[in-house]
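Below: one structure, written as structure tokens.
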Amino acid sequence: MSTSDAVTPAPPASDPGVLTAAPPGDRTGPAAAGPAAASRAARWRRRVPLLVLLLGTAVLYLWDLSASGWANSYYAAAVQAGTQDLKAMLFGSLDAGNFITVDKTPASLWLMALSARIFGFSSWSILVPQALCGVGAVALTYAAVRRWAGETGGLLAGAVLALTPVAALMFRFDNPDALLTLLLVLAAYAVTRALERASTWWLVAAGAAVGFGYLTKMLQALLVLPALGLVYLICAPTRFWRRVWQLLAAAGAMIVAAGWWVALVELWPKGSRPYVGGSTNNSILELTLGYNGLGRLTGNERGGLTGAVSGGTGGFPGGMPDGGMPGGGRGFGGFGGEAGLTRLFNDSMGGQASWLLPAALTLLVAGLVVTWRRPRTDAARAGLILWGAWLVTHVLVFSLMEGIVHEYYTVALAPALGALVGGGSVLLWHLRDPRPAPLADGSGVGAVAIAGGMIGVSGQNVATGAAEGPQTAISNAAPVSGGSAAGAGDGLRPWAAWVARAGLAAAVLVTGWWAFVLLGRVDWQPWLRSVVLVLCVVGAVALLVPWRAARASRFAFAGAVAAGVGMLAGPAAYTVQTVSTPHTGSIPLAGPASSGGFGGMRGFPGGFRPDGQNLPGQGFPGQNLPGQDGTGQGAQGQGAQGQQGQGGNRDGGGFGFPGGGMRPGGGMPGEAPADAELVKLIEGSDRTWAAAVSGAQSAAALELASGKSVMGMGGWSGDPAPTLAQFQQWAQQGRIGYFVGGGQGGFGGRGGSSQEIAAWVQQHYTALTVGTQTVYDLSKPLP
């Protein structure tokens, strides 16, 4: 074994990031009582900031949680089905009758359904687990970063994650992203632990976490694999070939953790399980590789958003081109704007997670420069590689993918942003001055370099001068007293100090500039952008100057406070606004209304937003396009003729939509509440499916309102299910109560057989009007 491969000793017990037991001889006798009690008190003092962080996160994510109601009714209906039928819970069915599944793997539904089974089905019981996933993700981010950047770095990393606007949105919403984020952070923590002693079991645990991530949101979970594999292959303290087989063992654990459910679905007789929603051939493998896999990268979702028929989708009127949704194809990229490296900074995505993205990249580069000559197993550099590769991989994929991409996907960036901003700033803070500074060893100073006291680090800790530096369990690069974090052989060369100061100052400056730009895009709290810019400029100057005198170093501390407040003020304000606003529907957005919307995607004018905040004067242009015969799936379920728009001169109007479009905070046009009279009618049905309706959205609304199982024909994306023959058989067997005309589809438009079914029903059953709906009683055929 080479010197660089040797397992280096653990950090000294004096490191405040390490809790060590007292030697046996110190545990007895009256003389030992005083030091032991002092040690316990110091330990609790170190834990107070963490408790404050986690308690604050819990309050932030749980506050008025039920204001969003069911949030995404599509997933809420699937959770309800899981509380009514175990088979529906296992497969992730949209309905308790097990007609069709949601278009994702079901792990997040299992978590919410388990909570709803225990506490009863309600908004709280399905959203509280999501909020707790957020608290857990913050705790694990802290724990992972703490192991290479110390307590302060961990606290700051957790705080940045908690205050990222899109994180506050998704940890209060019932989409799969909350559980996915928790599982991926768990995987990163496990790899961090594995790096310390080349532990196979920790690496296997990381693989299992990623496998369960696949069961939560399919291939998106695999985006962390380059980061996890790369850092272990480079930095683990063991021989190269042992690293290789350990990674293979982790891959095996991942396959087992995900593969059992895939095998179950594929081997289960198709006639006795629900149709795999989102697939074209009732296969979970096809869904993984197609609509939810390569299709997201290439833009060819095999009918999901491309080449849609004129039936209308997602509540859009029949007759709109491409099914009423923006087409796919090169450069389109779904709802997030045009594909390209600037996508994450555009009008619709910029305010979600990009506030600290320039700073994170700056700190990553500066951190790698100053740690480049350290040993291969250096802990700080390993942390930078892990989280830097995580961030870069996600940024590139989300920026360049040409298929469906939604703004809320960027929640996956938040843990890496927190780790790089928290850990990177503390690392550079310790390296910024080659000589020990009186305040450099204060436990709160490093955090203040970015957070500005916003995470509750006590000023008393600074005054007492409790030593702190990054915990380095996989190398001997532990920081010396005085705050330096130089690794073995690294030294504290003047150039490294200048790189550290310049890196900190540049990170603060670029954040201030970018926050000034983002805050200028909205007509909301206009005073904030100037305050943020001034604070960041002052803080950057203070961090750049090499203060020499002991008293002068206090200016660096004051500058750190200004920088921290300035950097976090923008995202924190957006987060508070997000928490105070109910969010519903399919495509939620964090923060106040943006002026950009979709940015002029194909099929939509610029300025249209999917979260219910359409802009005046930029509605859909009226084109008087015909809807499909008999069952147009437009707003309010209109029939044979799509209504003419108003020339785009109403607030969010056009194509027959009322002015104003969608409800604030989320949703899609036409996602209206279920008709009360129709709900009352189907509540009296005892059939397997109380009703059949075109599209998953309409089915979900009826299920949540009535508590009954409703067949959502075509599912979310116009799936070829059921076939006409299947529907005829079920209707004649008395398994379907009513057929509801019109309806709201999903977002696709493969057409399926809904039109054939509607025509057959019209020919064989009598129509009646219930409320605003045309309904056919399938127990009463025409004579």
Q: State, in angstrom, two size descriptors of the range 120-256 derived from its alpha carbons: Rg to one decimal place and Dmax to the nearest whole number.
A: 15.7, 53
Q. Once the Cα atoms of the range 371-419 are picked out, what are the Rg and Dmax in Å?
A. 13.7, 42
Q: Could you grab the Rg to Rh ratio for the range 676-781? Cα atoms only, Kirkwood for Rh.
A: 0.92
**Q.** Estimated FRET transfer efficiency when R0 is 35 angstrom, pair Arg239-Leu368 (beta carbons, to 0.05)
**A.** 0.90
Q | Whichever lysines have a C-alpha closer than 17 Å to that of Lys104, once near sequence neighbours (fewer than 8 apart) are set aside | A | Lys87, Lys217
Q: Starting from the Cα of Lys680, draw a straight line to each of the lysines and keep only those under 20 Å, dropping any in the same chain fewer than 8 residues away.
A: Lys708, Lys780
**Q.** Distance in nm between pseudo-label sites at Ala37 and Ser272 (7 Å out along the Cβ direction from Cα)
**A.** 6.9 nm
Q.
If I stretch the segment between Trp513 and Val576 completely, what's the gain in nm (0.36 nm per residue apart, minus their alpha carbon distance), one decimal?
A. 20.6 nm
Q: Pop out the ³J(HN,Hα) list for the range 342-347 in order, Karplus 6.51 cos²θ - 1.76 cosθ + 1.60 with θ = phi - 60°, rounded to Hz; leave Gly and Pro as x.
A: 9, 4, 5, 10, 6, 5
Q) Which net charge results for the neighbourhood of Val52, defined as the other residues with beta-carbon distances under 14 angstrom from its beta-carbon, given Lys and Arg at +1 and Asp and Glu at -1? A) +2
Q.
Between Val545 and Phe119, what is the label-point separation in nm under the 7 Å Cα-to-beta-carbon projection?
A. 5.2 nm
Q: DSSP loop (so not H, G, I, E, B), at most 12 other Cβ within 10 Å: list which chymotrypsin sites (Phe, Trp or Tyr not before Pro) in the range 394-437 pass both filters.
A: none
Q. Given the convex hull of the Cα atoms of the range 678-727, what is a quarter of its surface area in nm²?
A. 3.3 nm²
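Quick note: the coordinates plus some simple rules give every number you see, no bench work behind them. Predicted, not measured: the structure shown is a model, and the values here were computed from it. Positions of Cβ are generated from backbone atoms using ideal geometry, with glycine treated the same way; all protein chains shown enter the neighbour counts.
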